[in-house]
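These notes concern the structure reproduced below.
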Amino acid sequence: MRLFVALDLPWPLRETLGGLLNSLSGARWVPPENHHLTLRFVGEVPPYVADEVDAALAAVKVRPFTLALSGVGVFDRNGRPSALWAGVARSEQLDHLQNKIETALRRIGLPGEKRRFQPHISLARVDGVSEAALARWVQGHNLLRSDAVPVTSFTLFSSQLGKEQPVYTAEVDYELA
Ligand code: 2AM
């Protein structure tokens, strides 16, 4: 199974992000049902490791918190813009949750994530978009904000890659309490 741990976005954030869809020609937009905020990519694991991941995540105890969208940005690959994303307002509680998940998964023997946690929601692949159009879009949407909404759970997703969009399935929800 190919797994990742993420926040399944609360409805008001989905609505705000849905409003951005298809507003930049040449971009390959992520369908709204696939919007999420990755906390930890796990990758391909055998079923017994998936069970260990589940048990480790079930033991993560963090209080509910709130989250708000804030701004947009672009990731580069090989010096070229590749992905457009929405950011979230800096949140110690989100960092804390991510940290707890990272520690729990290292403890069961998964290799540590080397990349710095950069919370984002991927919106579109933009390798086919002119850099000028992309820069204009980012400038025009940089003030993206939402109200702070409650986050009450995190989710273990499986991902099936296909020719079109990947299919993400919420396998287990872990309530914050
Ligand atoms: P992305 O949205 O920035 O592409 C499912 O693939 C999720 O895991 C995506 O949100 C993806 O981030 C994230 N992810 C993190 N590390 C990954 C990796 N090495 N391979 C694929 N996806 C990864």
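The values are calculated or read from the model by the stated rules, or taken from the named source; none is laboratory data. This structure is a prediction, so every number in the text was calculated from the model and none was measured. In this analysis, Cβ positions are derived from the backbone assuming ideal geometry, glycine residues included, and neighbour counts consider all displayed protein chains. Side chains included, ligands, DNA and RNA excluded: accessible areas come from the protein's heavy atoms. Shrake-Rupley method; radii C 1.70, N 1.55, O 1.52, S 1.80 Å.
Quick notes
- Residues of the range 159-171 satisfying the condition of being part of a strand (DSSP E or B), hydrophobic (A, V, I, L, M, F, W, C) and open to solvent by 60 Å² or more (accessible area, probe 1.4 Å): 167
- Which listed residue is in contact with a strand residue (DSSP E or B) (Cβ under 8 Å, 6 or more places away or on another chain) and part of a helix (DSSP H, G or I), from 143, 57, 156: 57
- Apart from one condition, residue 87 fits all of (1) farther than 20 Å from residue 14 by Cα; (2) touching a His at 6+ places or on another chain (Cβ under 7 Å); the exception is (1).
- Identity of the residue in the range 89-101, modelled with pLDDT of 95 or more and open to solvent by 20 Å² or more (accessible area, probe 1.4 Å), that ends up nearest to the ligand (Cβ to nearest atom): 98
- When 59, 55, 68 are checked against the criterion of being more than 14 Å from the ligand (Cβ to nearest atom), over 30 Å from residue 109 (Cβ atoms) and among the hydrophobic types (A, V, I, L, M, F, W, C), 68 stands alone in meeting it.
- Every listed requirement among (1) in a helix (DSSP H, G or I); (2) in contact (Cβ under 8 Å) with a residue 40 or more places away in the chain is met by residue 174 save one, (1).
- Search result, residues across the range 102-140 that are among the polar types (S, T, N, Q) and either in contact (Cβ under 8 Å) with a residue 60 or more places away in the chain or crowded, with 17+ Cβ neighbours inside 10 Å (or both): 122, 130
- Qualifying residue in the range 108-119 (condition: over 21 Å from residue 75 (Cβ atoms) and of a type in the set (A, V, I, L, M)): yes
Each row is one residue, and each column tells you yes or no for (1) among the basic types (Lys, Arg); (2) outside any loop (DSSP other than H, G, I, E, B).
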site: 50; (1), (2): no, yes
site: 62; (1), (2): no, no
site: 73; (1), (2): no, yes
site: 115; (1), (2): yes, no
site: 122; (1), (2): no, yes
